[in-house]
Structure formats: C-alpha cells, structure tokens
Amino acid sequence: MTDKAHRNSYSRRSILGGLTAGAAVIAAPYVVRAQSGGRVLVRTSGGSYQDALQAGTWNSFTQKTGIEVVGVAANTGKLLAMVEAGSRELDIVEGNAVAILTLQAKGALQPLDVSRFEYTDPKDIGTVGPDFLSYASFAEALVYNTQAFPNEHPKDWKDFWDVSRFPGKRMLQDAKAIAPNLEFALLADGVPVDKLYPLDIDRAFAKLKQIKPHIVKFFDSGALGASLLAEKTAVLGSLWTNRVETLRKGGAPLAIEWNQAMRLTEYTAVLKNAPNRDAAMRLLDYSSSPEAQARTLPQIGLSPENKRAFEFIAKDVAETLPTFPAIAQKGFEQDAGWWLKNRAQVATRWEEFLLG
C-alpha cells in the first residue's frame, strides 16, 4: 500500500484544489530592495529548531541584508490565538498544513509574488500556493530510551500500548501542539495504515483512555517533549524526529523506531498585517533557497522542500531524513484535509478526555 491512497486535495503536493506545485501566482506587489537595519519577526516552535534556523539561515541573512531576525516561539494553539487577536508581533508564520490552511481561510495571509524571488527558483519548491510555500518535511515517530530498553524495544504502536511487556512512563502529544495522536491510537488498536482515514474518533479516544494512566504528560510543544525524554521523565513517546536527532547529538540515549512514523510538512507564509512585510518577503525568499535549506534542515533531521538542496547534502546524511525512500516506505503521510475538517470537533473531545 502506498501513501497515495491517503492523499486528497489537501496533501503536501496539492494543498488546495486547483493549485499546482511550483506555479507562480499573481499577488499584491511588494518592494524588494537593499536594506540596512530593520527586523523580521518569525514564529517558530522554539528550542533546537529555532537554534538551527538562527545558525543556518538567519545569521547569514542578517549579514547579507542588515535585517535582524527575531524568533517568536509559539505552539500551534498559541499561533492561531495570536493571529485571531490581531497580534502585530509576527511577520512570518511557520506551521503544519492545518495551521496554514486555517490562517488562509481567515484571510490572514499575504499573497506572494514568487516571480520576484532573488535566491529561490519557485519551480524547485515542493508546493507553492498563492500565499504559502512548503518549507520542510518532518515525521512524528515512536521514540524510546535505549537504556530503558537495551535489548528489545517497541516496534510499533501496538507495542507502545503494551505496558506489561514494555513498562515505563510514556508521553504523547497534546492537541495544542499539532494534534492529538489519534492515528497512533488507531494503529495500536489494529487499524491498518491504508484504512486509517477517515479517522474513527470514538475508537481512537477509547484506545487513548487505555494508555492515559501511563502517560506522564501530553506535551504541548516540541521543546517540552524533548525535555521529558532528555530528563528521562518519559522513556517512551511520540515526538518529532528532528527533535530526537538534536537530543541524540547531545548524547541522549534515544532511538527512533521508523515503523508507522507519520510524515508531515511544514509551511511558511507572511501575515497580511505583517509590520515588516518587505523584509519578511526577502527572508521568505532567502530561507527557501537550496543553500540555506541544506545548511539548516538536515542538521536537525528535516528534509528540505527545495529539491535542489539535496545537491548540497552528503549522501549519508540524506539517507537519514524522513523523505529518504527506505525510511518513508515504513510510515505514512498525515491527511491534513481530514484534520482541517475535524480539528474543532477533536479539540472539544480532547478537553473532555483530559477532564475525564
């Protein structure tokens, strides 16, 4: 079974009906000019991800343009709340497909004129929408502490739910991060990968109820999830693989089980009310370039969405990334279209679940 069966009009290669990957679109004009000074406010998920952006992209952008880049850490829930409140604290937003499409539906995104790009050829980007670009691919996978499981470790989500065979405190994702792990609950309950969508919400929450007593925390940000694993508060959990790679490089005894990992795509866009719109457009262009993506993303286990970036990535590094064929075939792609339609309903059920 391939991931193709899971994709619909909201898949990573065709986020909205009628959009074609790589297509340039007509947009409101903006001025591209040399600048000295100024700044850009960028929403990120914080932690090691923001550190990588700073070292691999932002510092060199500032050297070239004199424009300071300021990171604003916010989880998905906080990001949507900030935009809803009309916050002027952000220029560029980065988020998963559901977050970006939600912002687009609210009319919160600035149209892009990618024909003005200086550093990036739009045809090299995986998905180019009227007001967003795909930036990176990542995965959420089963992660385990190698000291807690030196011999045998959980091989799938059914094993994760098997607390007798694999004892220890666990963690899963909160709805405020990206979305609760309904897919993993259903896989643990025996639903085949090719039958996951549409998700059976009742069945998923029933399965989550079984594991809830063994969950030390439902993490609401990647930084918190990483901290729980690094401090051994949890020895098993779901987490974004780029966070895990950073912890591993720091010496944490962690490993990724790629079987049944879920792939997602990170998108980037400029807000319509951006206080520093011109500078934001320039950073969006620069950060999408193959050189910037090659310097930034593989170092934290992310796959670039600029296909030419792989020309600058060593083969042994490329083979560890979520979109490498041997890894990708072990997992599946999240159906962002389903989540866009059902996010509000799931959020309500999630609050009831936490209180129950």
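The values are calculated or read from the model by the stated rules, or taken from the named source; none is laboratory data. Computed from a prediction, not measured in an experiment: that's the story for all the values here. Note: ideal-geometry Cβ built from the backbone for every residue, glycine included; neighbour counts use all protein chains shown. Only protein heavy atoms, including side chains, enter the accessible area calculation; ligands, DNA and RNA are left aside. Shrake-Rupley method; radii C 1.70, N 1.55, O 1.52, S 1.80 Å.
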Single condition Ala279 does not satisfy, out of (1) over 16 Å from Ser134 (Cβ atoms); (2) surrounded by fewer than 24 Cβ atoms within 10 Å (Cβ to Cβ); (3) of a type in the set (Gly, Ala, Ser)
(2)
For region 238-258, which residues satisfy the criterion of being out of contact with any Phe, Trp or Tyr (no Cβ under 9 Å at 6 or more places or on another chain) and open to solvent by 10 Å² or more (accessible area, probe 1.4 Å)?
Glu245, Leu247, Arg248, Lys249, Gly250, Gly251, Ala252, Pro253, Trp258
Taking region 328-353 and keeping only residues that are of a type in the set (Val, Ile, Thr) and free of Cβ contacts under 8 Å to residues at least 24 places away in the same chain, one is left with Thr348
Might you check whether a residue that is under 20 Å from the mean Cα position of the chain (by Cα) and more than 23 Å from Thr348 (Cβ to Cβ) occurs anywhere in region 202-214?
no
Can you pull out the strands (runs of 3 or more DSSP E) entirely within region 147-259 that have at least 2 residues that are aromatic (Phe, Trp, Tyr)?
215-219
Counting only residues that are assigned to a helix (DSSP H, G or I) and within 16 Å of Glu266 (Cβ to Cβ), region 79-99 contains a total of 5
Considering every residue within region 197-215, establish whether at least one is open to solvent by 60 Å² or more (accessible area, probe 1.4 Å) and modelled with pLDDT under 95.
no
Taking region 100-129 and keeping only residues that are assigned to a loop (DSSP other than H, G, I, E, B) and buried (at least 19 other Cβ atoms within 10 Å of the Cβ), one is left with Ala108, Gln110, Leu112, Phe117, Thr120, Gly126, Thr127, Gly129
Please find, among Ala177, Ala141, the residue that is crowded, with 18+ Cβ neighbours inside 10 Å, modelled with pLDDT of 95 or more and among the hydrophobic types (A, V, I, L, M, F, W, C).
Ala141
Within region 310-328, can one find any residue that is open to solvent by 50 Å² or more (accessible area, probe 1.4 Å), under 21 Å from Leu239 (Cα atoms) and under 15 Å from the mean Cα position of the chain (by Cα)?
yes
